[in-house]
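Inspection log for the structure reproduced underneath, given as structure tokens.
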Amino acid sequence: MTRLEVHQFPTRSDNYGVLVHDPASGSTAAIDAPDADELLAALHEKGWKLSHILTTHHHQDHTAGNTAVKRATGCTIIGPAKEAHSIPGIDVKVSEGDTIEVGGAKARVIETPGHTRGHVSYHFPDNDLVFVGDTLFSVGCGRLLEGDAKTMWSSLQKLAALPPETNLYCGHEYTDANCRFALTVEPENDALRARAAEVAKLADRGEPALPTTVAQELDTNPFLRPSSPAIQKRLGMEGRPLQDIFGEIRRRKDRF
């Protein structure tokens, strides 16, 4: 089985870039390309040659580096078929259930719309890795810019169903602020309180709270926890459909 190496690095103002490297073949994929210069610098630092960009969605802060990086490396750009018209330099269009290969490692494409209409995530099951772009954040989730609560809740359920030990990499570092909001929704959650304290210390040291895991998010992330009796009671939504409770949590976060 191919064991991948993962290198995470800060980029732009609050994005995180990720490189995924197969040491056996030398293949390396970037998850999105927020900034060309910073991505190329990360490749140089690691001594890796880029073979692919795996694009999660079309937003400029995830694709701004596509053209320059492709010109510099000759990489293949893979991205969601439903947003292909908006993704610079795209070569391969992918949809739900498609498989892509980075060296000897295989990733399954999961369609996770809600933040954008065609957003996808990339799951490497043999390496316990999933790259979710702006669908799910640590203790948070993406804004519903091109979808509704029903659509996003369906996407989040797909990610929540992954093995709990799966390491989850997302496109931005918002964890500290997300924890502050989450505590207004479920302050009695012991796991969340512990996570918030840990994240505050990391933030003070300028260290990332990423990656997270599916298990940790199931325990602490209010957007994955609309079934919590405490949350339902606090929102006055006992017994309501979970997608509606999720939608109310998202609306409150938008106003927070």
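The values are calculated or read from the model by the stated rules, or taken from the named source; none is laboratory data. A quick note: this is a predicted structure, and the numbers were derived from the prediction, not measured. Cβ atoms come from the backbone with ideal geometry, glycine included; neighbour counts cover every protein chain shown.
Brief remarks on what is shown
- Residue match in the range 223-234 (condition: modelled with pLDDT of 95 or more, of a type in the set (D, E, K, R) and part of a helix (DSSP H, G or I)): yes
- Of all residues in the range 1-32 being outside any strand (DSSP E or B) and of a type in the set (G, A, S), the one that is modelled with the lowest pLDDT: S13
- When each of E207, E217, E188 is tested for being assigned to a helix (DSSP H, G or I) and among the charged types (D, E, K, R), the lone residue that passes is E217.
- Residue in the range 165-174 that is under 21 Å from V130 (Cα atoms), surrounded by fewer than 16 Cβ atoms within 10 Å (Cβ to Cβ) and not β-branched (V, I, T) present: yes
- Answer from R205, R240, R193, R251 - the residue that is of a type outside the set (V, I, T) and closer than 19 Å to Y16 by Cα: R205
Condition check ((1) among the polar types (S, T, N, Q); (2) at pLDDT below 95; (3) out of contact with any Lys or Arg (no Cβ under 7 Å at 6 or more places or on another chain)) across all residues:
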| position | (1), (2), (3) |
| --- | --- |
| S95 | yes, no, yes |
| E101 | no, no, yes |
| E111 | no, no, yes |
| Y122 | no, no, yes |
| L129 | no, no, yes |
| A160 | no, no, yes |
| E165 | no, no, yes |
| G171 | no, yes, yes |
| N178 | yes, no, yes |
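- Restricting attention to the range 11-25 and to residues that are more than 12 Å from L39 (Cβ to Cβ) and touching a residue at least 24 places away in the same chain (Cβ under 8 Å), the residue that is surrounded by the most Cβ atoms within 10 Å (Cβ to Cβ) turns out to be V20.
- Only a single item in (1) in contact (Cβ under 8 Å) with a residue 40 or more places away in the chain; (2) closer than 22 Å to G17 by Cα; (3) of a type in the set (D, E, K, R) is not met by K158, and it is number (2).
- Total residues in the range 100-116, condition assigned to a loop (DSSP other than H, G, I, E, B) and under 22 Å from Y174 (Cβ atoms): 5
- Residue within the range 235-246 that is under 21 Å from the mean Cα position of the chain (by Cα), at pLDDT 95 or above and over 20 Å from N15 (Cβ atoms) present: yes
- Checking G133, G147, G97 one by one, the residue that is without any contact (Cβ under 8 Å) to a residue 24 or more places away in the chain and either touching a Gly at 6+ places or on another chain (Cβ under 9 Å) or assigned to a loop (DSSP other than H, G, I, E, B) (or both) is G97 and no other.
- The range 65-90, residues that are more than 25 Å from S155 (Cα to Cα) and assigned to a loop (DSSP other than H, G, I, E, B): G65, G74, C75, G89
- Matching residues in the range 176-219 - criterion: being among the β-branched types (V, I, T) and either surrounded by fewer than 17 Cβ atoms within 10 Å (Cβ to Cβ) or under 22 Å from R240 (Cβ atoms) (or both): T184, V185
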